[in-house]
Amino acid sequence: MNIETENAHKRKKQPEVVRRALLDQAARITLEKGLSKVTFQAVADATGVTKGGVMHHFATKNALVLEVFNDAMAKFEAEVDAAMAKDAVSYGSFTRAYIDATISLGEKGQEEFDSQATLYVLMLGDSELRALWAKWANEQLKKHEATDNTETLCMVRLVADGIWLSDFSGINISEKQSLRDRLIKMTQRDFDQ
């Protein structure tokens, strides 16, 4: 038995740390190379664990990709919920939070942007994940029906989605701050009547 193998057996196991690293690297590979390049071997190589180690945490590639999606989805939802909790006006609060969660103005960290981009790549690349996104969005719209169910607010969210896609695609929008401010103004009750 060599020293490295012997030390590996003595090291304290940290399954949650390893799992987090696997998810982060699978997300990074998705963003940089595309969903088709997410393999157990690629994730293993990126994290420095064995392929068997990856398979210990995720039985299939689909299970790994689903968990990456769920992780990105949870981060997005947490960002929306946090913004809504700070909003003193209930009318349009979900839409305002959605705008700020989707439109990157530079104040977001790279990790937040990458998480959203990962969500977008996975959603676009897999019909099952699109269905999960649609389910979440429809649940949110039902949950916030009393405050965010108008034609104008729907249009505002769709424009925010378009800006999100432009950001992800690398399309330069020179007046993004101005667009964001106009969208926020459109979420005010007096504008929507």
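The values are calculated or read from the model by the stated rules, or taken from the named source; none is laboratory data. A quick note: this is a predicted structure, and the numbers were derived from the prediction, not measured. Quick reminder, even Gly has a Cβ in these numbers, built from the backbone with ideal geometry, and neighbours come from all protein chains shown. Quick note on the areas: whole protein, heavy atoms, side chains included, nothing else; ligands and nucleic acids left out. Shrake-Rupley method; radii C 1.70, N 1.55, O 1.52, S 1.80 Å.
Some notes on this structure:
- Selection status of residue 85, closer than 29 Å to residue 68 by Cα and under 17 Å from the mean Cα position of the chain (by Cα): no
- In the set (1) free of Cβ contacts under 8 Å to residues at least 40 places away in the same chain; (2) surrounded by 15 or more Cβ atoms within 10 Å (Cβ to Cβ); (3) under 20 Å from residue 138 (Cα atoms), residue 99 fails one condition alone, (1).
- Some residue of region 60-80 being under 30 Å from residue 190 (Cα atoms), open to solvent by 50 Å² or more (accessible area, probe 1.4 Å) and in a helix (DSSP H, G or I): yes
- The residues of region 52-70 that are over 20 Å from residue 34 (Cα atoms) and under 23 Å from the mean Cα position of the chain (by Cα), listed by number, are 57, 59.
- Members of region 156-187 that are in contact (Cβ under 8 Å) with a residue 12 or more places away in the chain, loosely packed, with under 14 Cβ neighbours inside 10 Å and over 21 Å from the mean Cα position of the chain (by Cα): 177
- Residue list for region 102-119, filter: in a helix (DSSP H, G or I) and either open to solvent by less than 30 Å² (accessible area, probe 1.4 Å) or at pLDDT 90 or above (or both): 102, 115, 116, 117, 118, 119
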